[in-house]
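The values are calculated or read from the model by the stated rules, or taken from the named source; none is laboratory data. The shown structure was predicted, so the numbers you read here are calculated from the model rather than taken from an experiment. Neighbour counts run over all protein chains shown; Cβ positions are idealised from the backbone, glycine included. What goes into the accessible areas is simple: the full protein's heavy atoms, side chains included, and nothing from ligands, DNA or RNA. Shrake-Rupley method; radii C 1.70, N 1.55, O 1.52, S 1.80 Å.
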Amino acid sequence: MGHQDLLREALEAGDLAAAEAHASAALLENPDDIMLRARLGSIQMLLGRMDDALANLKQAAEAAPSSGVLWNEYGVALARTGAAKDAEAALRRALSLAPEIAQIHNNYGNVLRDRGDFARAIICYRAALERKTDYVEAKGNLGVALQEIGDHSAAIECFESLLKDHPDDGGAWTHLGVARAAQGRLVEAELAHRKSIALRPNSPDGYNNLGIALKDQGRLDVALDAYRRALECDPTDAGVHSNLLMCLCYDSRVDAAETIRMHRQWATRHVPDIPTESFSAAANGPLRVGYVSPDFRDHSVAFFVDSLFANHDDRRISLHCYSDVANPDAMTERLRGHVPRWRDVFSDDDDALFQRIRDDGIQILVDLAGHTANNRLPVFARRAAPVQVTWLGYGMTTGMPQMDYLLSDDWVDPPGPADDWCTEEIYRLPSGFMCYTPPKGCPLPERAPDQPLTFGSFNNLSKINDDVIALWARVLAVVPGSRLLLKSRQLADPLIEERLRGAFAKAGIAGERLEFIGRTASREEHFALYGRVDVALDTFPYNGATTTCEALWMGRPVVSLAGDRHVGRVGVTFLKRAGFGGWVAETLDAYVSIAERLAHTRPDPKIVRETVASSLMVDGACAALEIEDAFLDMWQRWKAGVKGR
């Protein structure tokens, strides 16, 4: 039996190592056999031997310049090595040679999707399905791309169509769950993820997505179990591990020692043990500062960097932004207008982003995500800049020895015990660590004269735990006839609303005193809802940030409980800097008393807004000056050999 026959047998048996050996031997006998060389390259690609695969596939494609099939295979190999531009060129050539082949359209769509060109990717996937209507992979890819552009209804239709013919496709089930969750259908999302897990019990994706859906429902214990199961399936997945840490932030039972231990565990597992390249202390001109974030868009992070970026002094700071945004929006463009050196890095993998930052000569690199979704902590783990700082997006330590400083202030992180929560050195800004940018053209909302006294909270449902419900029930009890208005995207799900009503009923609050609202169609509608709120109630142990600032700007008083950790003291820093320190409660009893007093006195909304408008809470110029001073001090310390903790 010849090597060609043995090659076929090895492939049929799934023995890739033997297949490679027989293909290599056969090629020695027939060195001009282009298809045999291509087959060897394809086998090597499956084995992960990418250098050998590329060499053979390139030789085969160049030897057959009119073969769309071979240029397609070469393009796929290039894409797998991260050579996106070369892959796109090869696949465009394949399409021009063989436009009738569905697989080429699908593969070209994958390259486009990976670099964030979702609109053209969708065209490619649809072209693939026109040529092969039962093409499962292309239909699944189309659904994912539709999700990426926010067309969740079309994505759901796509996945449901796929599952109608292929009900055992576990990947499609978890993608369907993600799309349903984006519409606020969290219980249906949970069921879809559980179906995926039943079909693929060793795949981390289903468990991770289940954890997200459960966390969003406020079911933290089972969410943590799901994340742990995902990590058992793939202990190397840093993103899943970050999701677990983020979930812990909502749990009041986790103390400082446990927080440090869990975050250090992330660093031990995911930070590579590689030598750090040296940096030069020599620098001409302004200090080069780079901000890295996936949230330079309509997102809470953007509301706190807007006025900062607008007020940075180019004579002191050379401002760079690395925007990891999949779908830029009007806020992205607004921020871009403040930044002279803006980099769109969504299509950059960690290696490419690391090199881009090094090439830009960044001296202070600022992480704005921490362990939140789509973070780039692996880039910081490789020490992309001499001084690295985490700030704003995450309310805990990163746990990474390569992160030198955490920007904060004395209100949210009082000196002493707070330092025990961080692996970084806490660098405290004198006038506060967050500066809110109020919305423009947003009038104070009118209150209906016959409206009953209404407490309200627009915080994420994940922050509303049993202890919060019990405290809010006490507040409602001491103000007879009062109501509670809750707004959160998760409350679009009637099953979640029913569950929450049941929790309040157990605390003694009748359903007619409660009103729940899901996502509004516009920010204008969102702000107008504050006209129906008299007193805003903050959550604990995880305080609101944007929600507190918005309520104050809408002229509504906010009651906040001072906690024992960063995430539980954000309300303290905003209220005290805005001039409303009397609305901060140190105990549960004080929280109830303050809420009762404010319900009876109802501060004038106009005065509340005027007070906020003249406060440090919204002083972008002051914030920019202090952060620049901090960065310049950090740089001088680094040059002197003094680093963060």
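If you take the residues of the range 58-87 that are in a loop (DSSP other than H, G, I, E, B) and free of Cβ contacts under 8 Å to residues at least 24 places away in the same chain, which of them is nearest to GLY116 (Cα to Cα)?
Only one residue fits best here, namely ALA83.
Surrounded by fewer than 20 Cβ atoms within 10 Å (Cβ to Cβ) and among the aliphatic types (A, V, I, L, M): does that describe ALA623?
In short, no.
What about GLY370, is it over 27 Å from ARG80 (Cβ atoms), of a type outside the set (S, T, N, Q) and either in a helix (DSSP H, G or I) or out of contact with any helix residue (DSSP H, G or I) (no Cβ under 8 Å at 6 or more places or on another chain) (or both)?
No: the conditions fail for GLY370.
If you go through the range 165-174 one residue at a time, do you hit one that is part of a loop (DSSP other than H, G, I, E, B), modelled with pLDDT under 95 and more than 26 Å from the chain's Cα centre (by Cα)?
no
The rows are residues; the columns are (1) open to solvent by 20 Å² or more (accessible area, probe 1.4 Å); (2) out of contact with any Ser or Thr (no Cβ under 9 Å at 6 or more places or on another chain); (3) under 28 Å from ASP251 (Cβ atoms).
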{"residue": "ALA119", "(1), (2), (3)": "yes, yes, no"}
{"residue": "ARG131", "(1), (2), (3)": "yes, yes, no"}
{"residue": "ALA138", "(1), (2), (3)": "no, yes, no"}
{"residue": "ASN141", "(1), (2), (3)": "yes, yes, no"}
{"residue": "THR174", "(1), (2), (3)": "no, no, yes"}
{"residue": "GLY177", "(1), (2), (3)": "no, no, yes"}
{"residue": "ARG180", "(1), (2), (3)": "yes, yes, yes"}
{"residue": "ASN209", "(1), (2), (3)": "yes, no, yes"}
{"residue": "GLY218", "(1), (2), (3)": "yes, no, yes"}
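For residues that are open to solvent by less than 50 Å² (accessible area, probe 1.4 Å) and part of a helix (DSSP H, G or I), tally how many sit in the range 434-469.
Count: 5.
Listed here are the residues, each with its yes/no results for (1) surrounded by 16 or more Cβ atoms within 10 Å (Cβ to Cβ); (2) modelled with pLDDT under 90; (3) farther than 20 Å from LEU353 by Cβ.
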| residue | (1), (2), (3) |
| --- | --- |
| ILE260 | yes, yes, yes |
| TRP266 | yes, no, no |
| ARG288 | yes, no, no |
| VAL292 | yes, no, no |
| ARG297 | yes, no, no |
| VAL301 | yes, no, no |
| ALA310 | yes, no, yes |
| ASP313 | no, no, yes |
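Take ALA477 and tell me if it is of a type outside the set (Lys, Arg), surrounded by fewer than 19 Cβ atoms within 10 Å (Cβ to Cβ) and at pLDDT below 95.
no
Residue by residue through the range 346-357, note down the ones that are open to solvent by 50 Å² or more (accessible area, probe 1.4 Å) and more than 20 Å from the chain's Cα centre (by Cα).
GLN355, ARG356
Looking at TYR530 and the list (1) open to solvent by less than 60 Å² (accessible area, probe 1.4 Å); (2) touching a residue at least 24 places away in the same chain (Cβ under 8 Å); (3) closer than 16 Å to PRO452 by Cα; (4) in contact with a helix residue (DSSP H, G or I) (Cβ under 6 Å, 6 or more places away or on another chain), which single condition is not satisfied?
Failed condition: (4).
Out of the range 497-527, which residues are over 22 Å from GLY184 (Cβ atoms), open to solvent by 30 Å² or more (accessible area, probe 1.4 Å) and outside any helix (DSSP H, G or I)?
ALA507, GLY508, ALA510
Looking at (1) within 22 Å of ASP420 (Cα to Cα); (2) of a type outside the set (Lys, Arg); (3) open to solvent by 70 Å² or more (accessible area, probe 1.4 Å), can you tell me which one ASP225 breaks?
Every listed condition holds for ASP225 apart from (1).
If the requirement is being within 26 Å of TRP173 (Cβ to Cβ), modelled with pLDDT of 95 or more, touching an Asp or Glu at 6+ places or on another chain (Cβ under 7 Å) and not hydroxyl-bearing (Ser, Thr, Tyr), which of these qualifies: LEU244, LEU210?
LEU210
Looking for whichever is under 23 Å from ARG8 (Cα atoms), crowded, with 21+ Cβ neighbours inside 10 Å and aliphatic (A, V, I, L, M) here; the options are ALA53, ALA25. Which one fits?
Of the residues listed, the single one that is under 23 Å from ARG8 (Cα atoms), crowded, with 21+ Cβ neighbours inside 10 Å and aliphatic (A, V, I, L, M) is ALA53.
Anything in the range 377-391 that is crowded, with 23+ Cβ neighbours inside 10 Å, within 18 Å of ASN243 (Cα to Cα) and in contact with a helix residue (DSSP H, G or I) (Cβ under 6 Å, 6 or more places away or on another chain)? List them, or say none.
Of everything in the range 377-391, just one residue is crowded, with 23+ Cβ neighbours inside 10 Å, within 18 Å of ASN243 (Cα to Cα) and in contact with a helix residue (DSSP H, G or I) (Cβ under 6 Å, 6 or more places away or on another chain), namely VAL379.
Look through the range 77-100, keep the residues that are under 27 Å from the mean Cα position of the chain (by Cα) and of a type in the set (D, E, K, R), and return whichever of them is surrounded by the most Cβ atoms within 10 Å (Cβ to Cβ).
Once the filter is applied, the top-ranked residue is ARG80.
Being more than 17 Å from MET434 (Cα to Cα), open to solvent by 10 Å² or more (accessible area, probe 1.4 Å), touching a residue at least 40 places away in the same chain (Cβ under 8 Å) and among the small types (Gly, Ala, Ser) is the requirement here; does ALA330 meet it?
no
In the range 408-426, how many residues are touching a strand residue (DSSP E or B) at 6+ places or on another chain (Cβ under 8 Å), modelled with pLDDT of 95 or more and open to solvent by 40 Å² or more (accessible area, probe 1.4 Å)?
Count: 2.
Can you tell me which of (1) open to solvent by 50 Å² or more (accessible area, probe 1.4 Å); (2) outside any helix (DSSP H, G or I); (3) within 18 Å of LEU406 (Cα to Cα) is the one GLY644 doesn't meet?
(1)
Scan the range 222-245 residue by residue and report those that are within 20 Å of the chain's Cα centre (by Cα), part of a helix (DSSP H, G or I) and not small (Gly, Ala, Ser).
Selection gives LEU224, TYR227, ARG228, LEU231, VAL240, HIS241, ASN243, LEU244, LEU245.
I need every pair where a residue in the range 306-319 that is closer than 16 Å to VAL292 by Cα has its Cβ under 6 Å from the Cβ of a residue that is among the basic types (Lys, Arg) and open to solvent by 20 Å² or more (accessible area, probe 1.4 Å), sequence separation at least 6 or different chains.
Filtered contacts from the range 306-319: SER318/ARG288.
Could you please find all residues in the range 622-640 being among the aliphatic types (A, V, I, L, M), over 28 Å from the mean Cα position of the chain (by Cα) and closer than 15 Å to PHE309 by Cβ?
Across the range 622-640, the qualifying residue is only LEU625.
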